[in-house]
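Asks: One structure, pasted below without further comment.
The values are calculated or read from the model by the stated rules, or taken from the named source; none is laboratory data. Everything numeric here is computed off the predicted structure, so don't read it as measured data. Glycine gets a Cβ as well: all are built from the backbone with ideal geometry, and neighbour counts include every protein chain shown.
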Amino acid sequence: MFLSALKTCSLSMAGLLSFICLSCYAYAASASDRDGLRVYSVSTHLQGEMYYLDAQLGYGLSRAALDALDNGVPLTFELEIEIFTPRKWFWDKSQSSYNYRYQVLYHALTQQYIVTNIDSGIQNSYSRRNTALLSMGRINNLPLLAKKELSEDEEYRGRIRVSLDIDALPAPMRPWAYINTDWLLSSEWFTWEIN
Amino acid sequence: MGNQLGRSWAGVLSPMIGLLLILMASFYMLSNATENAARFSNLYGWILLINLAGLLVLVGMIGINLYKLVSQYRAGVAGSRLTVRLVMVFVILSVIPVSIVYYFSLQFLQRSVDSWFDVRIEKSLEDALQLSQVSLDLRQREMVKQVHDVARTLEDVSESNAGLVLSDWLERTGAVELSLLGKNNRIIAFSSSDPGKVVPHRSNEDVLMQVRQGSHYVGLEPVKDAGIHVRVVYPVLSGSGSDRELRVLQALFPIDQRLNTLAGSVQKYFTVYKKLNYLRGQLKNSFLLTLSMVLLLSLFSAVWVAFFSAQRLMAPVRDLAEGTQAVADGDYDRQFPVSGNNELGFLVRSFNDMTRRIAQARSQAEESQQQVEAQRAYLEAILGNLSSGVMTLDHELNIRTVNPEASKILGMDIQAYTGRPVDDIVEAYGPLRRFVEILKPLSTRSGLWQEEVILFSQAGRKVLMCRGTTLVDEQGGSGDHVVVFDDITMLVQAQRDAAWGEVARRLAHEIKNPLTPIQLSAERLQFKFQNKMDENDAKILSRSTETIVHQVESMKEMVNAFTDYARAPVMDLRRIDLNRLVYEVTEMYRVPELKMHHQLDERAPMIQADESRLRQLLHNLIKNALEAMGDLQTMQIDIMTRCMDESGCRFVELSVRDYGQGFPEETMGHYFEPYITTKSKGTGLGLAIVKKIVEEHGGMVTAENLPDKGAIITIRLPVLTALNENPEQSRAMTGAKDKA
């Protein structure tokens, strides 16, 4: 018993040390080259005086994330959209940026996956997980910005990225989530031109 | 300085205490965050980072301290070894209890977290959930029936009437929302218990698709802020023929308030339990992380405090060690700050007192030494200015001290022989042999002594009056010998001159004065009574008076000779060729009865002398020789000159040898004193004048009988290489004669 406790103790110390040592490496590690979160397509269209955004996102969650979801851990995703003017010799000039947050949660009693748009409060229930994730990945007619906000002389581009919000996870999971590539879920920036 | 030290400690301690407080606070928040406290939970990542950074700062500080300590240890800095030991002891003392606490905390943590979870609880919760689902299932079936009825009713209802029908059914079924969707999910009719709501709560695409394929859908659905609802979606086939259209009826039923509350509670706690169960491992790890970080903080703090305390404790010891080293190196000005009233403080105070006293003692010693030096210098100055030569010898007759005048009197640098045996002087300078000889008995003799030494050197004849005594050492035994000597050559000569001058004056006064009346009386007797006497008497009278007159004349000559002896003419020193002078003088005595035999050394150098005095000297010598051989038929005088180079001293020797009877035994040793004569004629001053002239020239004169026949008088005159080579001597001679 003593040995097992000692083993646990040493393992935990080793885990802590590895946590300290690997933190730098882990932050540098990129998860976007795996089958994680993807942006398949994005487009904007002008409807009246407003630009609307249509996007197709893929939420390819890791086994650990799916496991957590099925065990009642809510997963929050953040959609970052930025409109900018590209510049050749300097940093791009940012026009405006938007953040949208979505949460997916398993409701055990109803056996439903509930997807909630945190900003609008709208929630939808899905009996299957994949359906919930697919529906979360379909963005249609998302009001983006007014036409008058853009100058006709400038060239505008937008970029979009979706990522898992680790800070929204329960606290005990966070230290490992910060350094574990299973949890460092984020898509590459996807850039498109705004016509 | 003590305040500065205090400030420096405070300067180190304050930030460290601040850092530790911040870390403790962040640990508190971390542990709360681990337990899911909402207010800290958002800051969890930051708190973690701050704690890590704090720990890294501590590790860095410990590393710096360790590096310094190791460097000091390797460099052998005073106190570093003891500091290392203290640090090790402190570290061991802190690590062991902390590790034990850590071990038991881990055990406790494992058990505590595991005790939260129980298979029975899990099972009961699952059962409760299933129970809820089953009870809701019944309700769902009822609702499906109701919706089925509604759907049947709507099959024949036109789009325009559908709204009314739905409103009617809404009240009858107790649903909160009823909506009918047409093709492409177009809303045909909608009825809600909430009048403000104009858009139905849509089913998702999957459900609609499923329903459009002919089957119905029933399911529970949590509605935001309204609890659990039952959604029933039912296909409605309306119209007929070519207008037949598959519509979709959506119904949302609330469930019983009590059932809703209970089911919601079951759902909530089931989820919480399941989530906790799922997070069990991570939770343990989080607690372990917190605990480990607290442990590390405690350990690192303890290690740092160990360094801090050891250094603080060792500071006075290190100071003392450095101070002792400094004292050993002769630096007595070190003072250290006194830290507290403990034993170390007492030690430092004592050390400070000690160095202060040593410094005082040293300054007093230096003062005394300076006084001794001053006295020594004063003594040296006195000895240096003393006209007497002073020499000290140890009991083995090694020269210890010599004053400059001693070197001057002895004619060589005696000071260069300090520390060497006195015999070494003779090896270097032969004329001092006699001087050294009188010192030799000192090794066996003690007490006061006095002796006169005559030296003959290149500088001439020197009479030294030596006095000495043995110093008594500290143990009362005989120690060093001190010898004081004066050059009394001039004094002796002056005394003699003065004595004979006095004799001469007395003679002039006492003898010469009555001579004239005697002579006059004798002449008057002859003049008065010669004619009155008969021829025989007159002859007798005449002879007698002539005898008286002659004797008076000779007495006058004798008195004049004394006057000559007593007078002190100024010496007129010139470079003279002695051989030439000898020739000139002997030429005057060239008579057939006298054989004058010369052995003159052609190498004899010029000498420095008064020519007229030397002539007188030669005349006196020749006269003395002639008088010594007065009754011989054949007279012979040998005159020799030689260049002598004896013991490194160059002088010219002049010898006059006669073949007479020699000096009588009774006058042995007094040949050159006035009135010492065995001759019927003569004043007895001839040789006395010779000696006087020789001494005036710094020479020596000796006389001795030869074993075969006759006697020889030898004169040694010093050779001076230049006229002005020894002007002091010349002046001294003149002065001495002036006095005489």
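Asks: Please work out which residue is farthest from the other protein chains (Cβ to nearest Cβ), limiting yourself to segment B:101-123 and to residues that are among the polar types (S, T, N, Q) and loosely packed, with under 14 Cβ neighbours inside 10 Å.
Replies: Only one residue tops the list, namely B:SER115.
Asks: Which number in (1) in contact with a Ser or Thr (Cβ under 6 Å, 6 or more places away or on another chain); (2) surrounded by fewer than 20 Cβ atoms within 10 Å (Cβ to Cβ); (3) part of a strand (DSSP E or B) marks the one condition that A:ASN141 misses?
Replies: Evaluating A:ASN141 over (1) in contact with a Ser or Thr (Cβ under 6 Å, 6 or more places away or on another chain); (2) surrounded by fewer than 20 Cβ atoms within 10 Å (Cβ to Cβ); (3) part of a strand (DSSP E or B) leaves (1) as the failure.
Asks: Here is a follow-up. Scan segment A:145-175 residue by residue and report those that are within 14 Å of another protein chain (Cβ to nearest Cβ), in contact (Cβ under 8 Å) with a residue 24 or more places away in the chain and assigned to a helix (DSSP H, G or I).
Replies: Those that are within 14 Å of another protein chain (Cβ to nearest Cβ), in contact (Cβ under 8 Å) with a residue 24 or more places away in the chain and assigned to a helix (DSSP H, G or I): A:ALA168, A:MET173, A:PRO175.
Asks: Also: I need the full set of residues from segment B:339-355 which are buried (at least 18 other Cβ atoms within 10 Å of the Cβ) and either part of a loop (DSSP other than H, G, I, E, B) or among the basic types (Lys, Arg) (or both), in order please.
Replies: Correct list: B:SER339 only.
Asks: Let me ask something else about it. Output the residues belonging to segment A:80-119 that are in a loop (DSSP other than H, G, I, E, B) and within 11 Å of another protein chain (Cβ to nearest Cβ).
Replies: Residues of segment A:80-119 in a loop (DSSP other than H, G, I, E, B): A:86-92, A:108-111, A:118-119.
Hits for segment A:80-119 are A:ALA108, A:LEU109, A:THR110, A:GLN111.
Asks: Another question about this same structure. Somewhere in segment B:13-31, is a residue within 14 Å of chain A (Cβ to nearest Cβ), modelled with pLDDT under 70 and surrounded by fewer than 16 Cβ atoms within 10 Å (Cβ to Cβ)?
Replies: No, there is no match, as no residue in segment B:13-31 is within 14 Å of chain A (Cβ to nearest Cβ), modelled with pLDDT under 70 and surrounded by fewer than 16 Cβ atoms within 10 Å (Cβ to Cβ).
Every residue, every condition in (1) more than 30 Å from B:GLU673 (Cβ to Cβ); (2) out of contact with any Leu (no Cβ under 9 Å at 6 or more places or on another chain), yes or no:
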| residue | (1), (2) |
| --- | --- |
| B:GLU437 | no, yes |
| B:LEU455 | no, no |
| B:MET490 | no, yes |
| B:ARG524 | yes, yes |
| B:PHE529 | yes, no |
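Asks: Same structure, new question: Please go through (1) within 15 Å of the chain's Cα centre (by Cα); (2) surrounded by fewer than 18 Cβ atoms within 10 Å (Cβ to Cβ) for A:MET136 and return the number of the only condition it doesn't satisfy.
Replies: Failed condition: (2).
Asks: Within segment B:673-724, can you find the residues that are loosely packed, with under 15 Cβ neighbours inside 10 Å, modelled with pLDDT under 80 and not basic (Lys, Arg)?
Replies: Result: B:TYR675, B:THR678, B:SER680, B:THR721, B:ALA722, B:LEU723, B:ASN724.
Asks: Checking A:VAL73 against (1) within 14 Å of chain B (Cβ to nearest Cβ); (2) without any contact (Cβ under 8 Å) to a residue 40 or more places away in the chain; (3) part of a loop (DSSP other than H, G, I, E, B), which single condition isn't satisfied?
Replies: (2)
Asks: Here is a further query. Within segment B:639-672, which residues are in a loop (DSSP other than H, G, I, E, B), of a type in the set (Ser, Thr, Tyr) and either modelled with pLDDT of 80 or more or exposed (fewer than 14 other Cβ atoms within 10 Å of the Cβ) (or both)?
Replies: Hit for segment B:639-672 is B:TYR659, nothing else.
Asks: For segment B:256-264, check the following and say yes or no: at least one residue is touching a strand residue (DSSP E or B) at 6+ places or on another chain (Cβ under 7 Å), assigned to a helix (DSSP H, G or I) and either of a type in the set (A, V, I, L, M, F, W, C) or facing chain A (nearest Cβ under 9 Å) (or both). Step through it out loud before you land on a result.
Replies: Start the filter on segment B:256-264 by keeping residues that are touching a strand residue (DSSP E or B) at 6+ places or on another chain (Cβ under 7 Å), which leaves B:260, B:263-264.
Remaining after also requiring assigned to a helix (DSSP H, G or I): B:260, B:263-264.
So of that shortlist, the ones also either of a type in the set (A, V, I, L, M, F, W, C) or facing chain A (nearest Cβ under 9 Å) (or both) come out as B:263-264.
Within segment B:256-264, one or more residues are touching a strand residue (DSSP E or B) at 6+ places or on another chain (Cβ under 7 Å), assigned to a helix (DSSP H, G or I) and either of a type in the set (A, V, I, L, M, F, W, C) or facing chain A (nearest Cβ under 9 Å) (or both).
Asks: Still on this structure, please answer the following. How many residues does segment B:203-219 contain that are within 7 Å of chain A (Cβ to nearest Cβ) and either at pLDDT 85 or above or closer than 17 Å to B:HIS148 by Cβ (or both)?
Replies: Of the residues in that region, 1 qualify.
Asks: Which of the numbered conditions does B:ASP572 fail, given that it passes all the others? Conditions: (1) out of contact with any helix residue (DSSP H, G or I) (no Cβ under 9 Å at 6 or more places or on another chain); (2) of a type in the set (D, E, K, R); (3) exposed (fewer than 12 other Cβ atoms within 10 Å of the Cβ); (4) more than 30 Å from B:THR444 (Cα to Cα).
Replies: Checking B:ASP572 against (1) out of contact with any helix residue (DSSP H, G or I) (no Cβ under 9 Å at 6 or more places or on another chain); (2) of a type in the set (D, E, K, R); (3) exposed (fewer than 12 other Cβ atoms within 10 Å of the Cβ); (4) more than 30 Å from B:THR444 (Cα to Cα), the one that fails is (1).
Asks: Going by the structure shown, is B:ALA75 at pLDDT 85 or above and over 30 Å from B:ARG312 (Cβ atoms)? Let's see the steps before the verdict.
Replies: Details: at pLDDT 85 or above: yes; over 30 Å from B:ARG312 (Cβ atoms): no.
So B:ALA75 does not fit the description; no.
Asks: Considering each residue of segment B:75-108, count those that are in a loop (DSSP other than H, G, I, E, B) and of a type in the set (Gly, Ala, Ser), and give that number.
Replies: 3
Asks: For B:GLU142, work out the one condition from (1) in contact with a helix residue (DSSP H, G or I) (Cβ under 8 Å, 6 or more places away or on another chain); (2) of a type outside the set (Gly, Ala, Ser); (3) modelled with pLDDT of 85 or more; (4) assigned by TED's automatic domain parsing to the domain that holds B:ALA251 it doesn't fulfil.
Replies: Against the list (1) in contact with a helix residue (DSSP H, G or I) (Cβ under 8 Å, 6 or more places away or on another chain); (2) of a type outside the set (Gly, Ala, Ser); (3) modelled with pLDDT of 85 or more; (4) assigned by TED's automatic domain parsing to the domain that holds B:ALA251, B:GLU142 comes up short only on (1).
Asks: Could you please find all residues in segment A:110-144 being closer than 22 Å to B:GLN210 by Cβ and charged (D, E, K, R)?
Replies: Passing the criteria: A:ARG128, A:ARG129, A:ARG138.
Asks: For B:LEU464, indicate whether it is outside the structural domain of B:HIS697 (by TED's automatic domain parsing), surrounded by 19 or more Cβ atoms within 10 Å (Cβ to Cβ) and either in a strand (DSSP E or B) or of a type in the set (D, E, K, R) (or both).
Replies: When the stated conditions are applied, B:LEU464 passes them.
Asks: Sort through B:PHE253, B:PHE270 and tell me the only one that's within 30 Å of A:LEU134 (Cβ to Cβ) and more than 11 Å from every other protein chain (Cβ to nearest Cβ).
Replies: Every option except B:PHE253 fails the conditions.
Asks: List every residue pair whose Cβ atoms sit under 9 Å apart, with the two residues 6 or more apart in sequence or on different chains, where the first one lies in segment B:222-245 and is within 27 Å of B:GLU159 (Cα to Cα) and the second, anywhere, is part of a strand (DSSP E or B) and aromatic (Phe, Trp, Tyr).
Replies: Between residues of segment B:222-245 that are within 27 Å of B:GLU159 (Cα to Cα) and residues that are part of a strand (DSSP E or B) and aromatic (Phe, Trp, Tyr), the close pairs are B:HIS229/B:PHE253; B:VAL230/B:PHE253; B:ARG231/B:TYR217; B:ARG231/B:PHE253; B:VAL232/B:TYR217; B:VAL232/B:PHE253; B:VAL233/B:TYR217; B:TYR234/B:TYR217.
Asks: Taking the options B:VAL84, B:VAL70, B:VAL57, name whichever one is farther than 22 Å from A:PRO172 by Cβ, over 37 Å from the mean Cα position of the chain (by Cα) and modelled with pLDDT of 80 or more.
Replies: B:VAL57
Asks: Working carefully through the options B:VAL294, B:VAL303, B:VAL236, find the one that is among the β-branched types (Val, Ile, Thr), away from every other protein chain (no Cβ under 14 Å), part of a helix (DSSP H, G or I) and over 22 Å from A:LEU69 (Cβ atoms).
Replies: B:VAL303
Asks: Of the residues B:VAL483, B:VAL453, B:VAL436, only one is assigned to a helix (DSSP H, G or I) and either under 22 Å from B:LEU393 (Cβ atoms) or not polar (S, T, N, Q) (or both); which?
Replies: Just a single option satisfies the conditions, and that option is B:VAL436.
Asks: Of A:ARG157, A:ARG161, which residue is modelled with pLDDT of 90 or more, surrounded by fewer than 18 Cβ atoms within 10 Å (Cβ to Cβ) and of a type in the set (Lys, Arg)?
Replies: A:ARG157
Asks: Take segment B:142-174 and flag every residue that is assigned to a helix (DSSP H, G or I), touching a residue at least 40 places away in the same chain (Cβ under 8 Å) and farther than 21 Å from B:VAL198 by Cβ. Full working, then the answer.
Replies: Pass one, segment B:142-174, residues assigned to a helix (DSSP H, G or I): B:142-154, B:159-173.
Applying the additional criterion that residues be touching a residue at least 40 places away in the same chain (Cβ under 8 Å) yields B:143-144, B:146-148, B:150-151, B:154, B:173.
Of everything in segment B:142-174, those that are assigned to a helix (DSSP H, G or I), touching a residue at least 40 places away in the same chain (Cβ under 8 Å) and farther than 21 Å from B:VAL198 by Cβ turn out to be B:MET143, B:VAL144, B:GLN146, B:VAL147, B:HIS148, B:ALA151.
Asks: Name the one entry in B:TRP9, B:TRP46 that is modelled with pLDDT under 85, within 30 Å of B:ALA321 (Cα to Cα) and in a helix (DSSP H, G or I).
Replies: B:TRP9
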